[in-house]
Amino acid sequence: MSAIKLLSLVVACMFGATLCLAASEPDKPITVRVASYNVEFGKSATPEQIGEMFAPYKLDIIGFDEAPDGDWTARVGKVLGMPFSFAGKISSANHKDKYKTILSRTPLEGTEEYELTGRGWNPASAVRATTKIGGVPFAFYSLHISRSGATNGHAYSLATEVLPKEKTARVIVVGDFNNNIDDAAMKTVEAAGFRSTWPDLKIDVSKKFTYNAQDPRKNLGVIDHIFYNTSAGPRSTGGGIIELEKPLSDHKPIWAEIVFPRNLEKAKGHKESGPPGRPTNKPTANTFSTPLRQEANLTRLAPLDAQSEESSVNVMSYNIFRGGRMRKQPLSQTARVIQEAKADAVGVQETRSPTGDNAEKLAKLLGWNLYVGVRHKCILTRHEIVGRLNGGIKIKLPSGQHAYIFTLHLASNPYQPYQLLSIRPKWHKHWDTPFIKTEAEAIAAATEARGREIEALLQQIRSLPDKETPVFVVGDFNEPSHLDWTEKAAMSGRHPIKVEYPTSLRMAKAGFGDAWRTVYPDEMKKPGFTWSPMYKTDDPTTHHDRIDFVYYKGKGVKVNAAKVVGENKENADIVVSPYPSDHRAVTATFALPGQPKSENLNANNSVAGDDK
């Protein structure tokens, strides 16, 4: 009898919960994740590569410009699990394979194409389709138009002839507008009741560009945009320009997460007291406090003062010297270095040996998960990889927390310490490197050699959707730190002069901490040299320095320890002998901030960067 009563009680509770869920459904906001990409007729990448690049963003719908005809868009969709596509028939300027297409996770209806008229190259067009997301219809446009003025171009045709006829209540327009956001043509689109996502995201587009990704010297600023109709009351809560280490087109892809009120009647006339795109402090029936994708999958979160879970992670940077075999040691000795460091995740450089790349072999020796990057870099981790990015990964720790890890191997030539000390190494690519004498020359040479690559990484990190998630950047930077080449170090004779090296300075200005210098702030007492265990201290053919780093940032992240792994106790905290590389490794242990324990976290939470 008691079992029957218990079963009845469970059924009643479940029925009550269902009623509550049904009652709250009309007010639950709808989150749409969109992207736009001019793919330059597929010249620089396969559709499969495009799909892999977009995979971490968990998109609902994508607009492509200058897309090839045929099954190109569908092939991108096959990678992303987005089976619905529509391709227009008008190729921009009548060039080959410059079609506008739409790729969607949900079925497309009402597909059509509008030819746009105006000055500049012709024909231009916008493709349109409707789809239901969260059970609600959306109209989606993907376009490619020419630069113009306020009333004489394709933007004017779009704003005055096409968009006013749209009957769907929620509208998103994306594409290559060939106009900057402050141009008169864009003001015409805004006057038609549309707003770009950039202001919501607080991105200063005057300092960025989406074209030309492959030749930044020819950049035209940000000319690719995502708009939504303001009458629906949405706001963009995430997104940005996706910065790729190796561009897949002459344009950069852009993406946005846009949150629409489900109940438009309640949204009408609502005024937010907070800044655009952010919830007010006291949500009412007319506001939405969190995006649907995050809110819907969390159940019964513990009170804020409940016990929280804190986790730690040991992050390592290791240049293994041409596949780990150049010092006549077996690859297992390289694996031993990682094991002795008790690392959880390692950014590895120089994975290629004279006989082939050893990244997969090293992963098998460790029994770890592997991400293989370009130019013979990889990341190894004992933890689950839930997202793969350009040059980095997102991992899930046992506590359920996430962290991003990126690995770098920056240019070794010209190498400023050698330039300043008039050292001419025997390596072939240094034979004609000019010598220099001043700090200004060193800064200029370092910026020219590595500035573009470090800025591309920082741009990518700035575009990550989850801003407070810990981020670690490790690598062989081939450049010392401004925290080491100080006035004090120069006065002591350790270094020839003071140099505020630009790469480490840019990392600091971007909010990253240098793990080693955080633990050991005195550069004279703990130099932490990583270059190089192959040379004696007084060898005049080189200069000992710290050029391998573990950088970190994120809300509440603290570094607890930092250690150098090397050949002997005089130069390293962790000794492995014989030592297999020409770089010492550096490792750092971090405490990550606690998070409230929840009774149920749905493993299918859709957060950009997850790869489940």
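Would you check if Val559 is at pLDDT 95 or above, closer than 26 Å to Val337 by Cα and surrounded by fewer than 23 Cβ atoms within 10 Å (Cβ to Cβ)?
yes
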In segment 230-279, anything at pLDDT 70 or above, more than 30 Å from Cys378 (Cα to Cα) and assigned to a loop (DSSP other than H, G, I, E, B) is listed as Gly233, Pro234, Pro261, Arg262, Asn263
Restricting segment 477-500 to residues that are part of a helix (DSSP H, G or I) and of a type in the set (A, V, I, L, M), the residue that is surrounded by the most Cβ atoms within 10 Å (Cβ to Cβ) | Ala489
Restrict the check to segment 474-493 and report whether at least one residue is farther than 19 Å from Gln419 by Cα and in contact (Cβ under 8 Å) with a residue 60 or more places away in the chain.
-> yes
Residues of segment 45-70 being β-branched (Val, Ile, Thr) and open to solvent by less than 10 Å² (accessible area, probe 1.4 Å), in sequence order, are Ile50, Ile61, Ile62
Kindly indicate which of Thr130, Thr168, Thr151, Thr160 is in a strand (DSSP E or B) and polar (S, T, N, Q).
-> Thr130
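Residue by residue through segment 157-176, note down the ones that are closer than 24 Å to His251 by Cβ and more than 34 Å from the chain's Cα centre (by Cα).
Ser157, Val162
How many residues does segment 366-380 hold that are open to solvent by 10 Å² or more (accessible area, probe 1.4 Å) and assigned to a strand (DSSP E or B)?
Residues of segment 366-380 open to solvent by 10 Å² or more (accessible area, probe 1.4 Å): 366-376.
Within this subset, residues satisfying the condition of being assigned to a strand (DSSP E or B) are 369-372.
Of the residues in segment 366-380, 4 are open to solvent by 10 Å² or more (accessible area, probe 1.4 Å) and assigned to a strand (DSSP E or B).
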Given the conditions (1) surrounded by fewer than 19 Cβ atoms within 10 Å (Cβ to Cβ); (2) assigned to a loop (DSSP other than H, G, I, E, B), which single one is not true for Glu523?
-> (1)
By residue number, the members of segment 191-224 that are of a type in the set (D, E, K, R), over 20 Å from the mean Cα position of the chain (by Cα) and in a loop (DSSP other than H, G, I, E, B) are Asp215
Is it true that Met534 is in contact with a Ser or Thr (Cβ under 9 Å, 6 or more places away or on another chain), more than 22 Å from Phe590 (Cβ to Cβ), in contact (Cβ under 8 Å) with a residue 40 or more places away in the chain and open to solvent by 30 Å² or more (accessible area, probe 1.4 Å)?
-> yes
Out of (1) in contact (Cβ under 8 Å) with a residue 40 or more places away in the chain; (2) of a type in the set (Ser, Thr, Tyr); (3) more than 19 Å from Phe590 (Cβ to Cβ), what's the single condition that is false for Ser399?
-> (3)
Does Gly528 fit the bill of being in contact with a strand residue (DSSP E or B) (Cβ under 6 Å, 6 or more places away or on another chain), assigned to a loop (DSSP other than H, G, I, E, B), within 26 Å of Lys437 (Cα to Cα) and free of Cβ contacts under 8 Å to residues at least 60 places away in the same chain?
-> yes
Those residues of segment 381-431 which are surrounded by 20 or more Cβ atoms within 10 Å (Cβ to Cβ), touching a His at 6+ places or on another chain (Cβ under 9 Å) and not in a helix (DSSP H, G or I), in sequence order = Gly387, Lys394, Ile395, Ala403, His409, Pro414, Tyr415
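Inspect all residues belonging to segment 34-42 and state whether any of them is open to solvent by 60 Å² or more (accessible area, probe 1.4 Å), modelled with pLDDT of 95 or more and either hydroxyl-bearing (Ser, Thr, Tyr) or in a helix (DSSP H, G or I) (or both).
no
Please verify whether segment 391-400 includes one or more residues that are at positive phi and small (Gly, Ala, Ser). Step through it out loud before you land on a result.
Here is the first cut: in segment 391-400, the ones at positive phi are 391, 400.
With small (Gly, Ala, Ser) added as a condition, the list becomes 391, 400.
Checked against the condition, which is being at positive phi and small (Gly, Ala, Ser), segment 391-400 yields at least one hit.
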Failed condition for Val174, given (1) touching a residue at least 40 places away in the same chain (Cβ under 8 Å); (2) open to solvent by less than 60 Å² (accessible area, probe 1.4 Å); (3) over 17 Å from Ala35 (Cβ atoms); (4) outside any helix (DSSP H, G or I), with all others met?
-> (3)
Condition set touching a Pro at 6+ places or on another chain (Cβ under 9 Å) and over 30 Å from Asp27 (Cβ atoms), scope segment 109-160, selection most open to solvent (accessible area, probe 1.4 Å): answer is Glu115
Restricting attention to segment 86-118, the residues that are small (Gly, Ala, Ser), over 15 Å from Val174 (Cβ atoms) and in a loop (DSSP other than H, G, I, E, B) number exactly 2
Read through the list (1) assigned to a helix (DSSP H, G or I); (2) touching a helix residue (DSSP H, G or I) at 6+ places or on another chain (Cβ under 6 Å); (3) open to solvent by 50 Å² or more (accessible area, probe 1.4 Å), then give the number of the only condition that Ala440 fails.
-> (2)
Name, by its number, the condition in (1) in a loop (DSSP other than H, G, I, E, B); (2) within 21 Å of Ala449 (Cα to Cα); (3) open to solvent by 20 Å² or more (accessible area, probe 1.4 Å) that does not hold for Pro540.
-> (2)
Failed condition for Val348, given (1) part of a loop (DSSP other than H, G, I, E, B); (2) crowded, with 16+ Cβ neighbours inside 10 Å = (1)
Within segment 443-457, the residues that are among the aliphatic types (A, V, I, L, M) and open to solvent by 10 Å² or more (accessible area, probe 1.4 Å) are Ile443, Ala444, Ala445, Ala449, Ala456, Leu457
When the residues of segment 573-587 are filtered to those that are touching an Asp or Glu at 6+ places or on another chain (Cβ under 9 Å) and over 19 Å from Thr351 (Cβ atoms), which remaining residue is least open to solvent (accessible area, probe 1.4 Å)?
-> Ile574
With the first residue restricted to segment 329-344 and required to be free of Cβ contacts under 8 Å to residues at least 60 places away in the same chain, and the second required to be part of a loop (DSSP other than H, G, I, E, B), Cβ contacts under 6 Å at 6 or more apart or on different chains are Leu331/Asn358; Asp344/Arg382
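The values are calculated or read from the model by the stated rules, or taken from the named source; none is laboratory data. Here the structure is a predicted model, which means the values were calculated and not measured. Positions of Cβ are generated from backbone atoms using ideal geometry, with glycine treated the same way; all protein chains shown enter the neighbour counts. The protein model used for the area step is the full one, side chains on, heavy atoms only, and it has no ligands, DNA or RNA in it. Shrake-Rupley method; radii C 1.70, N 1.55, O 1.52, S 1.80 Å.
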